[in-house]
1. Surrounded by 13 or more Cβ atoms within 10 Å (Cβ to Cβ), β-branched (Val, Ile, Thr) and within 18 Å of the chain's Cα centre (by Cα) - does that describe any residue in the range 139-149?
2. Take the residues in the range 120-138 that are modelled with pLDDT of 95 or more and small (Gly, Ala, Ser); name whichever of them is nearest to the chain's Cα centre (by Cα).
3. So which residues in the range 157-172 are under 19 Å from Leu138 (Cα atoms) and over 13 Å from the mean Cα position of the chain (by Cα), if there are any at all?
4. Could you please find all residues in the range 128-173 being β-branched (Val, Ile, Thr) and under 16 Å from Ala113 (Cβ atoms)?
5. Counting just the residues of the range 89-123 that are of a type in the set (Gly, Ala, Ser) and in contact (Cβ under 8 Å) with a residue 12 or more places away in the chain, which one comes out farthest from Ser25 (Cα to Cα)?
Amino acid sequence: MKNCYRCTFIALCVFVNTAIAQTRSIHSFRLGPAFSFGLSNIANNNVGLGAIAGAEKRLNKLFSVELEGSYTYFTGDDILYTEGKNKAFSMPLLAGIKIYPVPNVYGSARVGAIYFLLNQMSVAQVRLAYGLAGGFNLPRKINRLNVQLGYTGFGYTNVQHGYATLALAIIIN
């Protein structure tokens, strides 16, 4: 057991030192877990778990372009499914522009496509998607951690569906 603690401590030290040694660049990537909350018409499911991955290229101090993909599996049911099927998920791929009004704090508008399946559907669909996000990067000098709150929306059968996502991601420069 002591060896397990030692290995964990050594790995943590190496990770922290590597993260601190890296500097900001015009390209960055982020990867991490995401928690989603259905806001409108997400197939009787209201809580989702998943992951987020993104890439960003800084154009200048104020603007960046980004590409972000995520996967969310909606788990919280409001009703009982007799077949025991809870199969709602979404996989959006969105491109957008970020504005940094103050260093490390941003807002973003996005558009792209979403591949999704809601509980009442028998086949997954692809539709146009849109989104807004806001967040911040920490710590200010080296940007190792991204905290983001976003909204993703899409239309299906003349009804707008949408969910909010809270994501925490590690930034790789």
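1. Yes, there is a match, as at least one residue in the range 139-149 is surrounded by 13 or more Cβ atoms within 10 Å (Cβ to Cβ), β-branched (Val, Ile, Thr) and within 18 Å of the chain's Cα centre (by Cα).
2. It comes out as Ala133.
3. Answer for the range 157-172, where residues must be under 19 Å from Leu138 (Cα atoms) and over 13 Å from the mean Cα position of the chain (by Cα): just Ile172.
4. Thr152
5. The qualifying residue farthest from Ser25 (Cα to Cα) is Ser90.
The values are calculated or read from the model by the stated rules, or taken from the named source; none is laboratory data. None of these values were measured; they are calculated from a predicted model. We place every Cβ from the backbone using ideal geometry, glycine too, and count neighbours over all the protein chains shown.
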